[in-house]
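Heads up: the structure comes next, in structure tokens.
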Amino acid sequence: MRFIASADWQLGMTAHFLDDDARARYQRARLDAIVRIGEVADEHGAAFVLVCGDVFESNQLDRAILARTFEALRAVHVPVVLLPGNHDPLDASSIYDADAFTQRVPEHVRVLRDSTPLEVVPGVEVVGAPWFSKRPAGDLVAAACAPLEAAPDGIVRVIAGHGAVSTLAPDRDSVATIDVDALRRVVSDGRASFVVLGDRHSTTEVDERIRYPGTPEVTARREEDPGNVLVVDLDGDAVTIEPVHVGRWRFTTVEARLDSADDVDALERRLDELSDKDRTAVWLALGGTLSTAAAARLDAMLDEKREVFARLEHWARHTDLVVVPDGHDFADLELGGFARAALDELVERAAREGDDAAAAGDALGLLYRLAGGAR
Ligand SMILES: [Mn+2]
């Protein structure tokens, strides 16, 4: 028996770090990932798709996102099982209880509303540990597993949970942390064959049979291995897990030390080499010391590249770029009269210490570009 394990679709995610145009394409990409998951299910002969929480970014989404989600889900030809997570809990305002959900949800889509075993296809049970609020009072997965006896002969049982696990949680004392030792016993006792978890957006192995598939489309720069689903094959005592990449976007950091115009050229080549620029968001971590001419050249180059990348911005916390006016920078500029006098004053101010000098440096860069120096 084969199935697709997924989680953290985060549909409707706002992505405030993208501009309007890129944000619309990025929101669309999260829906397109569902269609590709359907293709992976077909290619691998998967019996169903299990999505372990945070299917939606929040319970307060524009209802249009539901119509689009259902349209995408129609491209999945096997049952799809959704688990409410911390972003989309089954609370009083649950998106799963909205009329737009209950009246329109396709028949092959099921929501795990409690921990009653759900026979998703003949011979396969899914036991879910849905979230009912953003702050559970205990380990929901342990509670869901507590009443389970060994799975009857001929039944494969899969546990669906969401949240941080004890072996990886930075906050080990949180009452909601999932106890991995207890979960290992659930598997070794034959109460379940496999555990799929959501919450960690990077594909992560907790134990051979306890996995986070991660988000199918990247959501944050710090994620190590996003963009995958897992094809899980359970055959008697054997388990085979194949990650399949379905994500199309990339969030990446580009670090560089820039001390000359040649370094700026080298950075330009590195940016040019990145593929799929309209689906690539770049955080620049730049350091070094540039002359006004080289800094102007950098700004002009980045302005041009910004048109083709989904995002190309300085990462403020990791930017340490100093611009030092160099007399040679301005020698070739054809400036006279008032402009030349302003230039001389700015060069003098930029040589001093403090905020005034930084402002003068910025003004010099602007003057340099306006006068045509960066062409
Ligand atoms: Mn999540």
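Rg over Rh of the chain, using C-alpha atoms and the Kirkwood radius, what does it come to? Can you show the working numbers first?
Details: Rg = 26.7 Å, Rh = 23.5 Å.
A ratio of 1.14.
Want the number for S188 to H77: 0.36 nm per residue separation, take away the alpha-carbon distance, what's left?
Details: separation 111, 0.36 × 111 = 39.96 nm, distance 3.25 nm.
Answer, rounded to one decimal: 36.7 nm.
Please report, as a whole percent, how much of the solvent-accessible surface of segment 144-290 comes from carbon and sulfur atoms (probe radius 1.4 Å).
Values: 2740 of 6690 Å².
The value for segment 144-290 is 41 percent carbon and sulfur by accessible area.
Rounded, prolate or oblate: which one fits segment 4-124, using the alpha carbon gyration tensor with axes a ≥ b ≥ c (rounded when a/c is under 1.5, else prolate when a/b beats b/c, else oblate)? Spell out each step's value before the answer.
Numbers: a/c = 1.91, a/b = 1.26, b/c = 1.52.
Oblate, because a/c is 1.5 or more while a/b does not exceed b/c.
Okay, helix-only estimate at 222 nm for the chain: each DSSP H run of n ≥ 4 adds -39500 (n - 2.57), divide by all residues, round to 500 deg cm²/dmol; what do you get? Spell out each step's value before the answer.
On the way: 10 runs with 117 residues, N = 375.
Helix-only estimate at 222 nm: -9500 deg cm²/dmol.
Of A360, L286, V323, which is farthest towards the positive pole of segment 251-370's charge dipole, taken about the Cα centre with +1 and -1 on the beta-carbons of Lys, Arg and Asp, Glu respectively?
Result: L286.
For Cα pairs less than 8 Å apart in space and 6+ apart in sequence, what is the mean separation divided by the residue count of the chain, i.e. the relative contact order in percent? Don't jump to the answer; show the numbers that get you there.
Values: 783 pairs, mean separation 49.3, N = 375.
Reported relative contact order: 13 percent.
Taking the Cα centre of the chain as origin, work out the dipole magnitude from +1 charges on Lys and Arg Cβ and -1 charges on Asp and Glu Cβ, in debye rounded to 20.
On the way: 41 positive and 67 negative charges, 179 e Å.
Dipole magnitude for the chain comes out near 860 debye.
Select from segment 103-173 those GluC sites (Glu not before Pro) which occupy a DSSP coil region and have at most 13 other Cβ atoms within 10 Å, ordered by residue number. All intermediate terms of the calculation are to be shown ahead of the outcome.
Details: sites: E107, E119, E125, E149; in loops: E107, E149.
Those that pass, being in a loop and sparsely packed, are E107, E149.
Any chance you could check the Cα centroid distance between segment 329-372 and segment 43-121 for me, in angstrom?
First find each Cα centre; the distance between them is then 59 Å.
Rounded to the nearest 5, what % of the DSSP beta bridges within segment 2-245 are antiparallel ones? All intermediate terms of the calculation are to be shown ahead of the outcome.
Numbers: 18 of 42 bridges.
Beta bridges within segment 2-245, antiparallel portion: roughly 45 percent.
Rounding to the nearest 20 debye, state how big the charge dipole of segment 255-318 is about its Cα centre with +1 on each Lys and Arg Cβ and -1 on each Asp and Glu Cβ. Could you put the intermediate results ahead of the total?
Details: 10 positive and 15 negative charges, 51 e Å.
Value, rounded to 20: 240 debye.
By how many nm would the segment from D332 to R63 lengthen if fully extended, with 0.36 nm per residue of separation less the alpha-carbon distance?
Values: separation 269, 0.36 × 269 = 96.84 nm, distance 5.93 nm.
Stretched out fully, the D332 to R63 stretch lengthens by 90.9 nm.
Would you please classify the overall shape of segment 229-328 from the alpha carbon gyration tensor, given that a ≥ b ≥ c denote the square roots of the eigenvalues, rounded means a/c under 1.5, and beyond that prolate means a/b larger than b/c while oblate covers the rest?
Numbers: a/c = 4.05, a/b = 3.00, b/c = 1.35.
Prolate.
Relative contact order of segment 251-370: what whole-number percent is it, with Cα pairs under 8 angstrom and at least 6 residues apart? Let's see the in-between values first.
Details: 163 pairs, mean separation 31.2, N = 120.
Over segment 251-370, the number comes to 26 percent.
Loop only by DSSP, 12 or fewer other Cβ within 10 Å of the Cβ. Give me the GluC sites (Glu not before Pro) in segment 176-267 that pass, ordered by residue number. Can you show the working numbers first?
Details: sites: E205, E208, E217, E223, E224, E255; in loops: E208, E217, E223, E224.
Hits after loop and neighbour filter: E208, E224.
Hey, can you find the accessible area per residue of segment 166-240 for me, probe 1.4 Å, expressed in square angstrom?
On the way: 3390 Å² over 75 residues.
Value for segment 166-240: 45 Å² per residue.
The values are calculated or read from the model by the stated rules, or taken from the named source; none is laboratory data. Predicted model only: the values in this text are computed from it and were never measured. As a convention, Cβ positions derive from the backbone with ideal geometry for all residues, glycine included, and neighbour counts pool all protein chains shown. Heads up: the accessible areas ignore ligands, DNA and RNA and are worked out on the full protein's heavy atoms, side chains in. Shrake-Rupley method; radii C 1.70, N 1.55, O 1.52, S 1.80 Å.
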